Each structure stands twice: as structure tokens, then as C-alpha cells.
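Encoded as C-alpha cells, the structure appears first; notes follow it.
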Amino acid sequence: MTLDDLRVFLAVCEAGNLSAVARTMSCSQSAVSQHIRRLEREVGLALFERLPRGVALTPAGRVLRRGAADGLGGLDATLRLLSEMERGEGGTVRITTGATSVRHFLAEGVAAFRARHPEAVLEFQTGHSSTQCMEAVRDHDADLAWVTMGPPVHEVEQRPALELPWVLAVRDDDPLASRTHLEPADLAAIRYIELPERSTSRTWLETHLAGHGIRLAASAGVADWDTALLLAELGIGHALVPAMPGWGRRLRPIAIPWLPALTVGWAVRQWRALSPLVLEFAETVSGSAGGTAVADHPR
């Protein structure tokens, strides 16, 4: 069993087709098959079920895929770090999150970190949901993910950083703008700008509203919190969002004290395995992100 065998195996897992992998790797399909047969001889089990069009993983194949992905992902990260050390570079921090989070929570910390480490490389990847960001961490595609805390994800550690109270964002000329806070009954008549479908924040919000017997009718839908705030500023509707730094000039946030705060923070594979540079980045951002800090989480 070689590293090449495992890399080819993972490529076939991803593509579900031997000929597609052969084209990508500029080799013959026979060469790809040889890698797979060698692995199957060593483990003594079939790894793929041959289908009319492509292949599908067997139970044994799924087990090997998890182990191979973890092993190769960790090895690639180690080799990347060693290469940076050999070249005398400051290292790389790979972060995945949504654009809204970069603007409202990470910006100040990123600037402070850059001032201390001008030689470090910061790689930002845009994720479309907290689940997708955590999957990127799990698959070794990112070191850190700034996410909304949600259900446990296999092989991912979540560490809370901030608690964000919920507010209703309305224009300063809206009839509700004079209110300091809202009760459950006040939400019945709002023109709700719906949060992204299947997002952790929307699921969380709808679950807690349902506990108060509230089901909101949407007048618009958006892909992120920033767009919800923009539509509210344009008078399209009301944005029910977590409180964030940086509001539009015409927006007024109204407190909703009976809704529990939403928690955001970091997701990683293993805190103890983070490089000192990555760990410093995470701690710098957490310390400057605003909001209500969550008590220190033991490492």
C-alpha cells in the first residue's frame, strides 16, 4: 500500500468513475485499476462495487476512505508546514467562513494579527453555511472555521466565542422604530426577510419562535445576514438577525430579550494540533470580535 495508491483511491471515491480519474491524472484507466486492485489485495476486501456507469463504495471502502482522508490530509498539512519552515516563511492560516462574518466579526482581529505577522499568509475561503465550513475543516481544506454553533459534526471541535442577542432591524421611519424592545405578539405583523434556507441560524430561530407559537410569513428571502440588513434599510421588510457591529445609517435595532442569544465561534479538527500561528490568529480574532464573550473554553 503506497501513498499513490491511497491518493488514487480517494480520487475515485470523489469522482465515482475510474476513467474520469484517469483523465484527470493523465494516465490510463488500467493504471488507476491497478492501484485499486493492489489496495483490495492488501485489505482482503472489495472497496468498490462496479456499476454500469462508474463505481460505488462498499462498506469496507467507506471505512478506508475515512482513514485515508484523515491520514493524507494530516500528512499534507505537515508537509506544507515543513516546506514553509524550510523556506523560512512565516506560515499560513487557512480560514473558512461567510463574507458577513469577515466584515462584522473578523476584520479588526485580522488587521491586528497582520500587524504582528506581516510575513504570514492568510487564505480565506468563502463558505455558504456553517455546515459547509465545518466540513472544510473536517476534510483538512481549512485550519479554522468561524461558524454559528450547531449540532456536533464528526471529527470537528466547536469552541464558542461570542453570544449575539437577536434584534429586529427596521428603518428609522418604520412605525416600530420608536420601540425599545418587542414582545412575541409584536412579530405577528412584521414583513419578515427570511434567513438562508437550511442555515444554522434560521433553524435555530425558527425552533425558538415555534416554542412561542410563532410562525413568520416571509416577504423576501436572502442568502446572508448582510443582505437582510440591506433590504431592511431599503424598506423591503424587517430583518430578524443577531446583533452585529456595523449597522446601516437608516437602521434601528430593536431588542428581542425573550429570544436566547445565538452563539458563534471557531470550529477546528483538534485544538491541541493547531500550530502556534493558527492558534494566535484564532485567539486574536476572538478577543476583538465584539459582542458578549463566552467564558474561556478549556483546551
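The values are calculated or read from the model by the stated rules, or taken from the named source; none is laboratory data. All figures in this text were calculated on a predicted structure; none of them were measured in a lab. Cβ placement follows ideal geometry from the backbone for every residue including glycine, while neighbour counts extend to all protein chains displayed.
Quick notes on this one:
- Of all residues in segment 224-245 being touching a Leu at 6+ places or on another chain (Cβ under 9 Å) and assigned to a loop (DSSP other than H, G, I, E, B), the one that is surrounded by the most Cβ atoms within 10 Å (Cβ to Cβ): MET244
- A search for C-beta distances below 8 Å between a residue of segment 253-278 that is part of a helix (DSSP H, G or I) and any residue that is surrounded by 21 or more Cβ atoms within 10 Å (Cβ to Cβ) and not β-branched (Val, Ile, Thr), counting only pairs 6+ apart in sequence or on different chains, returns VAL278/ASP143; VAL278/LEU144.
- If the condition is being of a type outside the set (D, E, K, R), more than 16 Å from ALA232 (Cβ to Cβ), surrounded by fewer than 17 Cβ atoms within 10 Å (Cβ to Cβ) and within 22 Å of the chain's Cα centre (by Cα), then segment 186-221 contributes THR203, THR207.
- Residues in segment 129-183 that are in a loop (DSSP other than H, G, I, E, B), over 19 Å from ARG66 (Cβ atoms) and of a type outside the set (D, E, K, R): 7 in all.
- Qualifying residue in segment 121-142 (condition: crowded, with 19+ Cβ neighbours inside 10 Å, outside the structural domain of ALA69 (by TED's automatic domain parsing) and aromatic (Phe, Trp, Tyr)): no
- Residue in segment 50-63 that is of a type in the set (D, E, K, R), exposed (fewer than 14 other Cβ atoms within 10 Å of the Cβ) and over 24 Å from ASP141 (Cβ atoms) present: yes
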